[in-house]
Amino acid sequence: MNTTLKIAFLPFALLSFVALSFFFSPVAWGEQATLVKWLKSGAFDRSRTADVVSEDCESITYTGLGKQARGDVIFIEYGTNADYNTAEKQVSDGEDRAAIKSFQTAMEKGKEEWLPWYCTFRIGETNYNIGLAAEAAKAFEDLNNKYPRNPFYPQVCCYLADIYMMQGKKDEADAQLKAVAAKANVFQVCWVEKAQVLQGRLLIAKKQYQEAIRHLKNIQGRLTYAPMLSDSRFALGECYETMGADTKDINAYKEASKVFEGIAAELDENTMGEAYLRISRILYNTSDYEGAYGFALRAAFIYTASKAWADSPNYLKASEGLYYAAKSLFALFGREKDAAKKDALKLEIRIVLDLLKSRNYANLPWSTKALNEIK
Amino acid sequence: MRVFLALSLILAFTVCTFQIRAARAEAPPPAAVGKTLADYEYDFGIWLVNRGFEKLAEAHFTKYLTDPKIPAAKRPMGYLGLAILYKRLGKLPRFSAKEREAYFQKALDNLTEFLTKCTDKNSPEYRSGLVEQYGIQIERVGAKVADISKLSGDARKAEETKTAEELKKAIADLKDIHDKIREEREAYEQKVIAECEANGTEPPEPMVYPEEMEERWYMIGFVLAQAYRLYPEIYLRGTDDFKKAVEMSLLGLQDFVWEHDSDTVYIYGGMYLAELLAYKCLGTKDPKEKEALRGKIDDTMNQYAFFFPVENITTDTMAYLREKAFNKYAEILATIGSTDLIIPKVWTLYVRDYPNWLETTMFGEGYTLGSVVAAIMADNNDALTAVEMLTSIINKAQLRNMFDKVTFASQKLAVIIERLGPEAMDVKTLLQAGKGFKAKGDSDKAIRYYQYVIQKLDVKLDEEELGKLSPAEQKKRRDKFELLKKEIIDIGVEAFSDISECFKDLGLTVEALTAANEIIPRYYSLKDNAKDKEKIGLLIRRQGSVAFNLAREVFMASAKSDRVNKMAAQQLMLAIDNYIKVDPNVRSRMVYERGFVHQQMGSYLPAIESYKTIPQDDDKFGDAQYNICFCFFKLMTDAKTANDEAKTQEYQKMAIDSLANVINMERKWGPGQEAKQRSWERKRSQCFVLLCTIYNNLGMGKELIDLSDKWMAMYKDLAGTKEYKEIANHPLSLYKASVPAALALKDLAKAEDQYKSIKGYVLAGKAAEVAEDKKYDVNEETGQVMVELAGKLAEAFAADEAKRTFYTHETDKFNVVVRDDPYDVYKNEFMKYAGKNDDLALRAGRKLDKMFDRLLAVPFDEKVMRSKEYTDAIYFAGDAAKTESARALYSKFVDAICGTKDKVGNYAAASRTLAELMAADPESKTDIWRKPMMLDVKRKVDFYNMRLNVYKTISPLVMKAGDYEYAVKVLEYVVAYYHKDADKYDLAMAYRKIGGSDNYKLAAILYGQILAPVLKSKEQVPIRYICAQMYFEWAKSLDPVKEKEEVIKQAEAGLRQIANMQAQYPQEITPEMLRLKDQIEAFIASIPR
């Protein structure tokens, strides 16, 4: 998966986490259901329960309350469909491919109105999370084309924009973001803000760096969701970094590093790992291999052992850190003349490569890349 | 913290070390508000230790001790980190005993330092540090135990005594601490009771102790239990000392484990006790005592390890340990020779407690136990159940990413299957075996077993054989056979499906296709007789789709390689027929596919017949209609090639009619049919292009012009939209033909109209006119067509200066071809093909080489570069040290790029040094960068590097291509740079191939260079043989009359080479060499004297 887009995963990853963290109360359509809200702080809240009569991307209707704005409700938990619950359980157990099949089965067998929305959405999301962008895009396109009322409409637009950017389809990405912007007053604020951040990323993809910097700095003051603010900061750093790579401007790299160091210094485990990764990549690309090695390992540490990630480690991201660690060590090895020091470096390279071959990392794209590149 | 503890415990248990304490000490609980930088840094250091990054960890903790970002009060934690690091190093077997001992000592020293400098003596870190001391001691003993096992005799005895003393001392200390904590707990309990009495409330039941106290209580218990377990390991098994140690450990453990009935020490302790009892059991020969001990082992496991009922367990650690205990129990029973009791005593209990073990087992403990049990079942002649169980385990473990468990179960499965042999296995077991190997990813083996399944599908009961059995056995066999018969269809379908998948996994698409195609004719009509009709129906339908897709893949691959083969077509036709049979919903799509296969095979008439049956509402209608036209077109061109005028006319008419029919077809579209409409219009636009080709070939100018106009009228607006971007270039083809057609008709006004029309189209939404030195905003492809058309018009208006000038300018404005820097183009091409495509790499390399001659025409001039003017240009105001170091770098750079007396230039080093120099002056402030030699220096260095790279890569290719003149140029450079013998041989050969005395001399010099280092060894023999060949070749190349003396001289030089070898190394002389000698002698004799 393209690294450029990884930070865009963050809120999505959090959302997936929410979806799979909550278990389903035994409610039926039209009965009491649990609403999951995404608070501006980035935390999730499921304090509200209500009778859900219907839901769509622009409004949600509860018995007794009539039509009301969705506000920050991002997920409604129904617990009535056993097949769907099985699929969710599989997601939470990390059995993603099995879950995709189960979502399909649930959709084929079930009759509830929400099932095709939720199942297609989760198929798209699960595919996205395991890196199958084309399959994810297909599910998301299906969802928004077939069910334009589906409650995930703006979120799906953001997902699609993200995937299209990754595939280089900039016009298509732009169209998705515009679709969200066009109804900015109606859609949930979080996705409107997400779309704004993605717009910045799109400018980066189009190599319009100065515009991107202006746009990102401009929206930063207006973003109300903490994860979006963080995302926009990453985008800003990424913009400088891409600019550095594109124009060979060392100062742009320095600016980028400064942005990421600022993020890491906040000690927020949700963003620290990514910030370390970026710093490591910048240092590697500017030939500061020793620095790159240290930061790369820090990233791997945060993604596997820090409090926020220890329960469900993100091996994909950690493997990216280990990739840069291995590459940096390899570069140092090539540079070293002293035989004893060379041996010590060889040992460390072996440790990193063994880690990448181990159960949790084996066959991840970064692991494969590292193992192919370092022989 | 709890989770961390749980994971740490699991790790600790698994590796049977004292990691748990370390983990406690290693990971202080996060601060109440959130972790500080100091916490992160400490945790990161510990992570480095645990992952084996020892060097980095050591540097990290050393820095931690003085890092200004870490609060002073926290810095002593660095010592704790170092202690943990050195303890780990002390355990590593890659170090010698002496080194390990030194590491343990360093660990203790650092721990002491930590305990001394830690300001908060009540902190959990400090308290765990206190216990850690003993942890290190015990690890030290553990390391020694491993060393002791290598000793014998008195040396061992002495070491045993010493180590035992150390451990006993540690145990005594630990017991003291344990006693003290017990007293603390009792005091606390009394205090709580007193408070409750004073308040008139009931004391809590069970008593709740402060968390910190509980942790210490648990930690010390765990370390003590480990110490007791380790103690007997010091001694040789079976000796009296060992037995005494076992007794001591048993007593010691029993003395305190019972006190831990609320934590995991209770489970650990139970397992250790059972292990010690097993040692005792192995050591006795008395059957009664043995029996009693077996009973005790059972009691101990039940009393301790399984004490907590499964439903009362609330923590993950406890739950995991309880499962782990079942495996330990099985292991102990196997150790004491009671394998037969594993199923009744362990497995029965396990499946009772964990009925959903396959789904729920933690960390795959159930999979390990299940695999062991399956192996026992196989020994008890229940291979089918065993194979089924192992297959389920492999499938489930695979899905849960527990690959070590997959491997373990697969190994067991392989043993069972190998032992049974396929002949002895019934068809169902074989199927399971195949599935097992498939799950394991061993597709080859899986296919073998599925093939056995297929062979056995038709097996009938052997009545004669059956007659020899008892009636009861006969009935049993018959019943089993009948049962199997009911499932035979299910088994067959599954086997074929799986075989197909396995072949596909192996990349054998054709074989996969054959297997998939086999299912439908075999089983479709029988599907209602299957046991699981629904599943088999689905599977067959799926195979229909799989076979079709595979067949299409094979067919398309053959079509792409221009080798459409009949077999692939037949397979695809068969797959299409099968697919229609099993899924009628795909009929019309398959009819289209059938037409497509015919078309690809050149059977255009049957293809047209198929396409004609596609109904209007089908998604493929547009494609079918276009393909009909295309088929007529092909029939027409084929007939023309065959000079069959009548057929040509007939098909031409049909092609034109069918195309016109599509172009003029009126279709109505309803809501929701946008996709179908788009597909139709795209194909219709293609029909315009096809018809244009026909008109153009026939010289039907007027029709061409009308066709272009019609397209423009129909699609001008649509083609600009994103949905129709595929047709955007179609008018270029149309107008490329219609403008010249108008010119041919001498209708200049129409030609101009046409030009305006297409120009308006390509520049829609963009500037319609631009200044003379500017370009239109079009892409290269469009620009080229427009240049061509404008050129034709300029030519046509030769007499009209204004128009001629206008159209000439138009050609300039549309000429938007952008040329990349050719160096980059060829460099990229070279890098892309080097090592992959020799021809293309050589081509790019030679192009680059031509450029180098130009780009490097002015080489770096060492004298100028070392001049004062240049060195003085490196100056950093007010920073003498930086100036000096930059000048030194510069000097190094000049050495590298220009070479020294002894060395040729080292361009890679030059590149590195230059990078360092540039890094030292990132903003190019010093004047050196403005000096003539240093302008664009980075690129120049790149040229040097690249030239060497190119020459090195292409030299063998040039030799292979036989271009010896060029090879000499390239190889002379490579030899001068690398001095390698292999290159010298090639260069000498190139000289020889070019010929001429001068070149032979140069070759002789090169051979001399190769020969020089081996003059005193027999290695010179083959070199001299080559020299002899060369001289002989040289002699033969000369004119025997005019250069007689020279001829004889060279031929004799060849003879001398062989004579020299014969004299020095007669045993190395080969028949070829002697033959050469004869040939030279004969040659000399033939020279007229």
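The values are calculated or read from the model by the stated rules, or taken from the named source; none is laboratory data. Remember, it's a predicted structure, so these values are computed and weren't measured experimentally. Neighbour counts are summed over all protein chains in view; Cβ atoms, including those assigned to glycine, are modelled from backbone coordinates with ideal geometry. Accessible surface is based on the protein model in full, side chains and every heavy atom, while ligands, DNA and RNA are left aside. Shrake-Rupley method; radii C 1.70, N 1.55, O 1.52, S 1.80 Å.
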Check: Roughly speaking, to the nearest percent, how much of region B:928-1048's 1.4 Å accessible area is carbon and sulfur?
Finding: 55
Checklist line | Tilt relative to chain A, helix A:96-109 - C-alpha long axis, 0 to 90 degrees, to 10 | finding: 20
Next item on the list: Note down the magnitude of the dipole of chain B about its Cα centre, charges +1 on Lys and Arg C-beta and -1 on Asp and Glu C-beta and zero elsewhere, to the nearest 20 debye.
Entry: 2620
Note to self: If you fit an axis through the alpha-carbon atoms of helix A:189-205 and take the longest principal axis of the Cα set of chain A, what angle between them do you get, 0 to 90°, nearest 10?
What the structure shows: 40
Next item on the list: Starting from the amide H of residue A:75, placed 1.01 Å from N in the peptide plane, find each other amide H under 5 Å away whose residue is 5 or more places distant or on another chain.
Entry: A:36
Notebook entry, point to check: Between residue B:259 and residue B:307, what length comes free when the chain is fully extended (0.36 nm per residue of separation minus the Cα-Cα distance, one decimal in nm)?
Noted result: 15.9 nm
Margin query: Between helix A:339-357 and chain A, what is the angle of the helix's C-alpha long axis to the longest principal axis, kept within 0 to 90° and rounded to the nearest 10?
Written below: 20
Margin query: How far apart, in nanometres, would the label points at residue B:679 and residue B:161 be if each is projected 7 angstrom from Cα along the Cα-to-Cβ direction?
Written below: 9.3
Item checked: Sites residue B:1081 and residue B:1019 - FRET efficiency at Förster radius 30 Å, r taken between beta-carbons, to 0.05 -> 0.70
Next item on the list: Can you figure out the FRET efficiency of residue B:619 with residue B:542, using R₀ = 22 Å and their beta-carbon distance, to the nearest 0.05?
Entry: 0.50
Check: Taking the Cα centre of the protein assembly as shown as origin and charging only Cβ (+1 Lys, Arg; -1 Asp, Glu), how large is the dipole, in debye to the nearest 20?
Finding: 3200
Notebook entry, point to check: In nm, to one decimal, how far is the modelled label at residue B:729 from the one at residue B:63, with both set 7 Å along Cα→Cβ?
Noted result: 5.5
Next item on the list: Using the Kyte-Doolittle scale, find the helices of chain B whose mean hydropathy is at least 1.6 and whose Cα atoms extend 18 Å or more along the helix's long axis, counting only whole DSSP H runs.
Entry: B:2-15
Item checked: Residues residue A:142 and residue B:188, FRET efficiency given R0 of 60 Å [Cβ-Cβ distance, rounded to 0.05] -> 0.40
Next item on the list: Please give the calculated 222 nm ellipticity per residue for chain A, where each DSSP H segment of at least 4 residues contributes -39500 (n - 2.57) and the sum is spread over every residue; nearest 500 deg cm²/dmol?
Entry: -22000 deg cm²/dmol
Item checked: Residues of type lysines that residue B:683 reaches as a straight line, Cα spacing below 22 Å, ignoring anything fewer than 8 places off in the same chain -> B:560, B:612, B:620, B:634, B:653, B:668, B:710, B:716, B:722, B:725, B:736
Notebook entry, point to check: What is the mean number of Cβ atoms from other protein chains located within 10 Å of the Cβ atom of each residue in peptide A:259-267, rounded to a whole number?
Noted result: 1
Next item on the list: Can you tell me which of B:618-631, A:291-304 comes out highest on packing, and rank the rest after it, using the mean Cβ neighbours within 10 Å?
Entry: A:291-304, B:618-631
Checklist line | Part-to-part distance (alpha-carbon centres) for region B:589-663 and region B:833-911, which is given in Å | finding: 65
Checklist line | trypsin sites (Lys or Arg not before Pro) restricted to region B:654-736 and DSSP loop, no more than 12 other C-beta within 10 Å | finding: B:668
Check: With a 1.4 Å probe, how much accessible area is buried between chains B and A, both sides summed, in Å² to the nearest hundred?
Finding: 2300
Next item on the list: Grab the DSSP H runs of chain B that are 4 residues or longer, score each as -39,500 (n - 2.57), total them, divide by all residues and round the 222 nm result to the nearest 500 deg cm²/dmol.
Entry: -24500 deg cm²/dmol
Note to self: Run the numbers for residue B:836 and residue B:644: contour at 0.36 nm per residue of separation, minus the present Cα-Cα distance, in nm.
What the structure shows: 64.4 nm
